[in-house]
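A short reminder: the numbers here are calculations on the coordinates, not readings from a lab. All figures in this text were calculated on a predicted structure; none of them were measured in a lab. Virtual Cβ from ideal backbone geometry, glycine too; neighbours counted across all protein chains shown.
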Amino acid sequence: MSLAVKAVGIRKSFGSHEVLKGLDLEVAYGEVLCILGPSGSGKSTFLRCINHLETPNSGYVWVDGAIMGYELNRGALQELPIKRLRAQQSHLGIVFQHFNLFAHRTVLGNVIEGPMVVRGLRRAEAEARAMDLLEQVGMAGKALSYPSQLSGGQKQRVAIARSLAMEPRVMLFDEPTSALDPELVGEVLEVMRNLARGGTTMIVVTHEIGFAREVADRVVVMIDGEIRETGAPGQVLSNPDDPRVRTFLSRVL
Ligand code: ADP
Ligand code: MG
């Protein structure tokens, strides 16, 4: 089986606080993996280690078969120069809790920025592709609006389109609906559900248990920097083996 993401032995400390205690993870192409777990368990740090926004203290991540942050040179691992790390990172789209759109650009301007600046696409082509993506997330009608004119759910849908514009191999989501008013959560989950159906490889940190149950191929539960449970959503959510996972789920279900 060819893997989109493989992480082995990921450890990360901040000072003396060990936040990730040796995590292993494999995600196949087309797979949707949901990561659940209490606040502070290290979920965001793990996503940030996967795309090397944080450098793990030990352990390695492969994306699309290439090792993140390093290259093999005559059998020895050498750190990649920053420019090549950035190129690797562009294979991973990431959508955060907060929308991080460029406030002074229109919706369309936000989506074409990466393809034009990083990929060197011509404006006409970047705009045509951006409009397709905005259509896909239901935001084509707002292409010329500014972020301040959008609701939180609309901003998040634009953020998803902006990530997709870079044609990532894998999409990472870090609690993409946690900052939204409850009535706006559904429209964002709907876009994510459609991406999943279309075969996008996704790693989704979420508290939306219903989404995990319905959309995930596999669910992982992290507690205190460790993966305590992994399996099919039905099994993990209904009948977890680990007592701490059971306690966590009984609080959120
Ligand atoms: P989660 O996303 O599961 O809520 P985080 O990965 O954000 O957890 O955080 C896990 C722990 O790591 C928390 O105790 C947090 O305070 C700590 N932490 C995260 N990022 C940093 C950082 N840059 N510096 C120091 N501590 C951090
Ligand atoms: Mg987090």
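List of remarks:
- Measuring r between the beta carbons of LEU77 and VAL252 and using R0 = 41 Å, the FRET efficiency lands at 0.55.
- Membrane-span-like helices in the chain (whole DSSP H runs, Cα extent of at least 15 Å along the helix axis, mean Kyte-Doolittle hydropathy of at least 1.0): 107-117.
- Difference of contour (0.36 nm per residue) and Cα-Cα distance, GLU190 to ARG11: 61.1 nm
- Our summary gives segment 1-140 a relative contact order of 18 percent, counting only alpha carbon pairs under 8 angstrom and 6 or more residues apart.
- Reachable aspartates and glutamates, given that their alpha-carbon falls under 13 Å from the alpha-carbon of LYS21 and they are not under 8 places away in the same chain: ASP224, GLU226
- Globularity index of the chain, i.e. its alpha-carbon radius of gyration over 2.2 N^0.38 Å: 1.02
- Label-point separation in nm, ASP132 to GLU167, each point 7 Å along Cα→Cβ: 0.9
- Across the chain, Cα pairs under 8 Å and at least six residues apart give a relative contact order of 26 percent.
- Extension gain for HIS207 to GLU183 (0.36 nm times residue separation, less C-alpha to C-alpha distance): 7.1 nm.
- Pairs exceeding 22 Å between alpha-carbon atoms, taken from LYS12/LYS43; LYS43/LYS142; LYS6/LYS43: LYS43/LYS142.
- Extension gain for ARG84-SER145 works out to 18.6 nm (0.36 nm per residue, less the C-alpha to C-alpha distance).
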